[in-house]
Structures are given as C-alpha cells and as structure tokens.
Amino acid sequence: MENGFVRLNFKFLNERNIFYLPIPLQNPDEPDEIIGFDPNFGTMTSNNMKFLSVPTPKGDNFEKDLEDGMNPVIKALGGEFNYEFEGGWGVKNVFRFTDIDEEFNAIFSVNNPILAYQHAQNQIDRANAQYPDLGATGFEYRDARTGEVLANTESEADALNGNGLAVTVGWWNVALPMSNFANDLQLSKSFGQHNLTAGFYHTDWKVRSLWYWQDVLADVRGGEEDDEPARVMDLVLTDEEGNTVAYVTRNGISQIGSFYNNYSLDARTNAGYLNDEFTLTDRLTVDGGIRYEVGEITGHVENRQNFDLSPEDEEMPNLADDNVTYGDRSYVTYQYDYDEFAWSIGANFKINEQTAVFGRVSDGFRTPDDQQFFDGGARARAEQNPDDVIEQVFQYEGGVKYSHPNLAVFLSLFGINFQNIPFSDEVIDPQTGNLQTEFRFADSKTIGAEAEANVKFGDFRVGFNGTYQMPEFDNYSFVSQNETEMLEGEDVSGDPVREGGQIVGYRYSFDGLEVRRIPKFFFDIRPSYTYDVFTFYGGYRFFGERFVDDANNVELPAWGAVSAGVSARLGNFTLAVNGHNLTNTIGLTEGNPRVGQVVGVEQDIYMARPILGRSFRGSLTYNF
C-alpha cells in the first residue's frame, strides 16, 4: 500500500520450565552449604514429589504432576495499520488479542529447616493437645515412597542425611487462565515546530484463578544430577510400647489444603491522551504529554472455610487432613471504578555535537492488579478509601549525555516517589499453621544516581553501568498486639494503642527504613577484546547488601559474580561459548518470603534463593 501498510501477526507459545526457589543454607553473614545440600546446584524440587493426589471437600481427588512446572500456553493475534495522508497527517491503529492458559506447579519454601528430632517433639505436643487421650511419646520417620524407616530415636534423627534436618515445603498449584484485548488508535500531525499525537486506548482483560496448595515434609538434601534428591517423609507418632497412635502426614503431605483461593476479575479501561514534541530551536527540544483514564473492575471471590476430611472409619487420627482450607461455594462480589490523570514533560538541550543535557518530570499511576481484590482487607480498604487503591508514581530525573567514537557517557540523577504500594505476601498463620495472604500498603521515596559508560581503546572495549540509590519507606505504620516482636529493628518504636484505658496493641512505624530486597548499590562491568575473527569478553556483576524484611532486621550480604566467553565470526555464522558465575558465588536474591517478610529474625539455618551455580552455554547464529 502506497503511503502506508497493514500487518498481521500471530504468536504461539507452549513453554514448560522449572521454578527455582529458596533453598536451605546456613550462616547468614557468609552464606554456606549445609552438609548434604549443594547451594549452587541443589533444589528442593525433587522427583520424589513428582505426583500429587490429595482429597478435596467436594469428595474428589486433586491430582497434579510437578513435571508440568511453569506452563503458560499463549496465543496472541495482533495487527497494525499505518497510513500517511497529505499535509502531514497520519493515522495508526495497533491491536492485540491474547489468550493465556497458564498453570504453575512448583515447590515453594514455607518454614525454615528445623532439627528433625525437634520437629517430631513439636508434633507430639501438638497431637497430644489436640487429642488429650492419645498418649503419644515417640516417633518414626519413614520414606513416604518406599516405607523405609529413616529414624525413630533422637540419635538417628540427628544423623538424618548427615545434617539432622527436616523442612516443610509447599507444593503449590495455581491455574491462571486469562485473556486480554487491547487497541491503540493514534492520529498524528506535524506542523511547524510541533509533532502532535492524539490517541485513544481501550483494553479489556479477564482473569479466572484457582489456587490449591499443600505442605510437604522432606529431608534436606540435593545437588547435581547424580545426587539423590530430597526425600518426602512420613511422620508417625507412637506410644510408650511403640504402637502407632497417630499420623502427622499422609503420603508425605503434612497439611492438605494449606491455602486456597478462587476468584475472578473482569476489567476494562478507556484512556485518551495527547503528546507534543516541540522543537524550539535546533538545540532545544521539549516534549510533553497528558493522559486521562477511566476504568471499571468487577469480580468475585469464593469464601474460604476449614474442613475436617478425616474418614468416618478412621482408626487413628491423621493431623494432615484435620484442618483443610477450601472454598465453601459462597461468593463475595466486588466492583471498583476509577479515573486518573497523568502527565509528563521533558527537555533535551544540545550543547554541541557530542554533549547534551536533559531532564524529565512525570506524574503517573499504576492500576491495581487482581491480587488486590481477593484479600478481604484490601477490598475493604478499596471501599472505604477508593483513592488509596491506585498506586501513584511521581518521577524526576536530569543528566548529561556525551558521545564520541571512543567514549560514550550517560550520567543522571533521579528520584521516584510511590504512594499506596501494595505489599502482598503469603505468610504462615501462627494460630493455624496454614498460609494466609497478608496485605499492607505503604509509600516510598527514592533518590539516586545512575552512570553508564562505554570506552574504546583500539580493539579493547569496556562497558559499565551502575546505580546508587536510597529507597526508603514513608507513611508505613500498623498496629500489632505483640510488644516485643519489633524490637530487633533499632529504628523501630512501638507506641501503645489504648481503648477504654486498656492497651490493645502497639503502633509501629517503618518510616525511613530501607525498602526490602532493593540494594543501594549495584553495577556491572563488561570488558572485551577483538582479535581477527575472535572476540573475548568477560563480566562482573555486583549487588550490595539488601534487607529481607520491612523492619530491616535481616540483611542479605553483598555479592559479585564473574562471567566470561568467546565468540568467532565465520562468514555469516557466529559461534559463541559463554560461562556464567564461574566462581560459584552464593549470591542471594531473596530470603524466605513465607517467614519474616515484615519483621524478620536472623537464624543460622534458613531458606534463601541464590543465583544459579556455574553454567556454560553455546550458540550458533546465522546472519542473512
């Protein structure tokens, strides 16, 4: 088509991957391996956990295969129409319809590892409290797959797998079918010093989600492919004569239905926007834009209930099925409407052919996602304070750019203020032992500096980029009934909250503390050297300390990782071999999200997620 084009595209993806999550480690200051578990190649995802079959209150069995892993099946149909009219007018329309049938099956961290003997004693106390006439005094760990007795004395439990540890992990399944249609229509006009664009954006999306999670009891072991993976264990309780009096697990499952969620979301958004790129002089360009958006979100959430799935003819109790969380087939509906305005303005001034300075300020927002509505507390907050649901984002930056054949430098100062950040965590309920969703909202303020540079000395090049920032909480306070749980945080204070003269809780503030999981300083440097058809290159990534929890009690140490590689251009072919994390650094990216996300307590044995160990990858590319 003269002066324009029409394009259609279709994409299909059926991907299946493993999800690597926190693993057992020791020594939080200098992370180290636990005997029997390799921190670089070990995972709690085990072939012994491959098949899942558990009952539901509906009377059927819930069956899944861990081998399905993270399995998104995505079909996307898109198109683009672009046409240039006379007089500088142009019209452009882009659309996309996406259908996603996603399911993930993964082994998540739940509790931190505990001595197997201590875990058995805890379960004996729990069972005797729940069944006063039980008379449990002893225990027996068995391999849930073979029935082999692994330990039934304190000394045998302490010797279990060389480390004496047991751990509860989560077998999590989430079905997440969703669909989305989006259309963006633009009309543009160039005249004088202006390049003006007006547009209208529309999108509809739907989410239907079902979560059903189980807890699994396992030993602590894992490593490279030839090592035996973690074993699923059954725990049996015995009386003084050694007779079995209760089961703590069922086929290795220590808690059937540790968490359940069933919800839907239907949302639609319409937005109009206007942008202008204004060339004031041959050196100064200013661009600005405004956007007005209205949206509606509706859906339903199934209410949860705890069920006792013990069979009527049960000869002895099994703690795994006494407190199953599941839906009760009643639903809460919700509706949320919003309208928001956003704007941005920026400028670029060209000092000379090599140097320019720039600046930008923007005030925007982020619409809420589905997880903000399946939690009752978050829904109540939306009803009481609708304006607090939208996350507000105010950003500003300014800097200088320099470009030369042998040197390119980008330096900037920036700031970001967030309001109403939703923090959503699945944490352990200390009363029931089951998981629950915990929602909190807070503000944050960040100022920082960013640098990027590329230097060339003949055939030798060096690239660098780094960021230093100070992300801090603001307007983050809440009431807790526990007076002492926050005291490890030096900057955290608890003020009594009184009702009728009685203390009903303590208000804590995290204002000024660092936002969790975000390092103040990180950088990477990438040298390379080209000789004939070969290019030799390396890299070093560094991440500074960061905190696991909001109270800044538990710190993940700084780490750096080394990579290297070589490539060769052979005509139209490029052959490359790359090595990553060559020194097998145990670089931690997160702690255990199920334990101590708000207020953490440092433990010598803990769960955390490291980067992958040493790995190599080869590739062959053909250019045409």
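The values are calculated or read from the model by the stated rules, or taken from the named source; none is laboratory data. Keep in mind that what you see is a predicted model, and the values were worked out from it rather than measured. Cβ sites come from the backbone with ideal geometry, for glycine too, and all protein chains shown count toward neighbours.
Annotations for the structure displayed:
- Listed here are the strands (runs of 3 or more DSSP E) enclosed by the range 137-254 that have at least 2 residues being charged (D, E, K, R) and surrounded by fewer than 23 Cβ atoms within 10 Å (Cβ to Cβ): 138-143, 165-191, 194-219.
- Count of the range 333-347 residues which are crowded, with 16+ Cβ neighbours inside 10 Å and within 17 Å of T285 (Cα to Cα): 3
Per-residue answers, yes or no, for (1) touching a Ser or Thr at 6+ places or on another chain (Cβ under 7 Å); (2) aromatic (F, W, Y):
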{"site": "G78", "(1), (2)": "no, no"}
{"site": "F81", "(1), (2)": "no, yes"}
{"site": "F85", "(1), (2)": "no, yes"}
{"site": "G90", "(1), (2)": "yes, no"}
{"site": "D99", "(1), (2)": "yes, no"}
{"site": "N112", "(1), (2)": "no, no"}
{"site": "Q123", "(1), (2)": "no, no"}
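- Close pairs from the range 264-292: first exposed (fewer than 14 other Cβ atoms within 10 Å of the Cβ), partner outside any strand (DSSP E or B), Cβ under 8 Å, at least 6 apart: L280/Q193; R283/I351
- When the criteria are applied in full, V577 fails the requirement of being of a type in the set (A, V, I, L, M, F, W, C), in a loop (DSSP other than H, G, I, E, B) and either under 18 Å from the mean Cα position of the chain (by Cα) or more than 19 Å from L21 (Cβ to Cβ) (or both).
- Of all the listed residues (A166, A198), the sole one being small (G, A, S) and more than 35 Å from the chain's Cα centre (by Cα) is A198.
Residue-by-condition table, conditions (1) under 25 Å from L319 (Cα atoms); (2) buried (at least 17 other Cβ atoms within 10 Å of the Cβ); (3) in contact (Cβ under 8 Å) with a residue 12 or more places away in the chain:
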site: N40; (1), (2), (3): no, yes, yes
site: M49; (1), (2), (3): yes, yes, yes
site: V54; (1), (2), (3): yes, yes, yes
site: D99; (1), (2), (3): no, no, yes
site: E103; (1), (2), (3): no, yes, yes
site: N122; (1), (2), (3): yes, no, no
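- Residues of the range 1-38 classified as among the acidic types (D, E), loosely packed, with under 12 Cβ neighbours inside 10 Å and part of a loop (DSSP other than H, G, I, E, B), total: 4
- Scanning the range 515-538 for residues that are more than 30 Å from Q597 (Cα to Cα) and part of a strand (DSSP E or B) yields I525, R526, P527, S528, Y529, T530, Y531, F534, T535, F536, Y537, G538.
- Tally of residues being among the acidic types (D, E) and touching a residue at least 40 places away in the same chain (Cβ under 8 Å) across the range 139-187: 4
- In the range 568-624, the qualifying residues are those that are without any contact (Cβ under 8 Å) to a residue 60 or more places away in the chain and of a type in the set (A, V, I, L, M), and the one that is surrounded by the most Cβ atoms within 10 Å (Cβ to Cβ) is I611.
- Residue-level analysis places Y326 outside the set of residues that are modelled with pLDDT under 95, of a type outside the set (A, V, I, L, M, F, W, C) and buried (at least 18 other Cβ atoms within 10 Å of the Cβ).
- Residue check for V562: in contact with a Gly (Cβ under 9 Å, 6 or more places away or on another chain) and either in contact (Cβ under 8 Å) with a residue 40 or more places away in the chain or part of a strand (DSSP E or B) (or both): yes
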